[in-house]
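Enquirer: Attaching a single structure in structure tokens format; questions to follow.
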Amino acid sequence: MQRTYEVMFIVRPDLQEEETDKLLATLQTHATNAGAQVQSLDKWGKRRLAYDVKKFQEGLYVLLTLQADGKAIHELERRMRVAEQILKFITVRMDEEQQRLEKIRKIRASRVKRPPVEATPAAEAENPPVTA
Amino acid sequence: MADETNQGSTPSGPRPPARSGDRGDRPDRGPGGRGDAGGRKFFRRKKVCKFCVEKIDDINYKDVRLLQGFVAERGKIVPRRLTGVCTPHQRRLSAAIKRARNIALLPFAAR
């Protein structure tokens, strides 16, 4: 069963750019080989860490979103644990959260459409000031 | 007063149980701010949950600026009786802050 996962990890800041790119490409290949589909790879860039991690005060944050099953994630995490350029990582399951947000958005969208049956301009005019 | 001592001895001290968290529900109970150092006799003004009002559903651990508003100076999570957040949002907020701490976006203990 393919679920959506978000993996955020911190890469050592003192690597060269090609090395980090190579590392990220390798990770993506590992993920695809294990049967995952990479949806996006977002580099946040260098950030100051809130506390020292392995004696580093800065780190390169990367966010990887992918569709995978549990085994692929397990495999990916194992590789990240072994890789000494990756300082920290956290995997979050996002599919249920996304479903919940979708549901809320749908309810909101359907709710807005109902009042305008009687007074369209009033409902439309009221909403923007409230949300702003 | 028996309730006060009861809450003081439970392990989750600072957070009052959900039932007494609703302000205006028990007007006969004197001090509105439970666990307050001063023991005020009047009700604290009704604080509203920021997430309910602004309709923010996505409390993400990546959103450091949003989370920082609910973290004290020393890095501790602020109890909901001070921020006025409702229970489900406080729970999600707490989980997000803990995740952010794990990924070094927020400190565990500052200074």
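Enquirer: Return yes when B:Ala95 is at pLDDT 85 or above, within 14 Å of another protein chain (Cβ to nearest Cβ) and crowded, with 17+ Cβ neighbours inside 10 Å and no when it is not.
Expert: No; evaluated as a whole, the condition is false for this residue.
Enquirer: Let me ask another. Testing A:Lys43 on (1) touching a residue at least 12 places away in the same chain (Cβ under 8 Å); (2) surrounded by 17 or more Cβ atoms within 10 Å (Cβ to Cβ), one condition comes back false. Which one is that?
Expert: Among (1) touching a residue at least 12 places away in the same chain (Cβ under 8 Å); (2) surrounded by 17 or more Cβ atoms within 10 Å (Cβ to Cβ), A:Lys43 violates only (2).
Enquirer: Looking at (1) closer than 17 Å to B:Arg99 by Cα; (2) in contact (Cβ under 8 Å) with a residue 24 or more places away in the chain; (3) surrounded by fewer than 12 Cβ atoms within 10 Å (Cβ to Cβ), which one does A:Met1 not meet, given that it meets all the others?
Expert: Condition (1) is where A:Met1 drops out.
Enquirer: Right, another one. Going through the stretch B:57-67 one residue at a time, which ones are surrounded by 13 or more Cβ atoms within 10 Å (Cβ to Cβ) and within 14 Å of another protein chain (Cβ to nearest Cβ)?
Expert: B:Asp57, B:Asp58, B:Ile59, B:Asn60, B:Tyr61, B:Lys62, B:Asp63, B:Val64, B:Leu67
Enquirer: If A:Asp52 satisfies every condition in (1) in contact with a helix residue (DSSP H, G or I) (Cβ under 7 Å, 6 or more places away or on another chain); (2) loosely packed, with under 13 Cβ neighbours inside 10 Å but one, which is the exception?
Expert: All conditions pass for A:Asp52, except number (1).
Enquirer: Separate question: If you scan the stretch B:68-92, which residues turn out to be crowded, with 16+ Cβ neighbours inside 10 Å, more than 27 Å from A:Val7 (Cα to Cα) and either acidic (Asp, Glu) or in contact (Cβ under 8 Å) with a residue 40 or more places away in the chain (or both)?
Expert: B:Pro79, B:Arg80, B:Arg81
Enquirer: Now a separate question. Restricting attention to the stretch B:98-111, report how many residues are within 7 Å of another protein chain (Cβ to nearest Cβ) and in a loop (DSSP other than H, G, I, E, B).
Expert: Residues flagged as within 7 Å of another protein chain (Cβ to nearest Cβ) and in a loop (DSSP other than H, G, I, E, B) within the stretch B:98-111 amount to 6.
The values are calculated or read from the model by the stated rules, or taken from the named source; none is laboratory data. Owing to the predicted nature of the structure, the values given are computational and were not obtained by experimental measurement. Every residue, glycine as well, gets a Cβ built from its backbone with ideal geometry; the counts of neighbours run over all protein chains shown.
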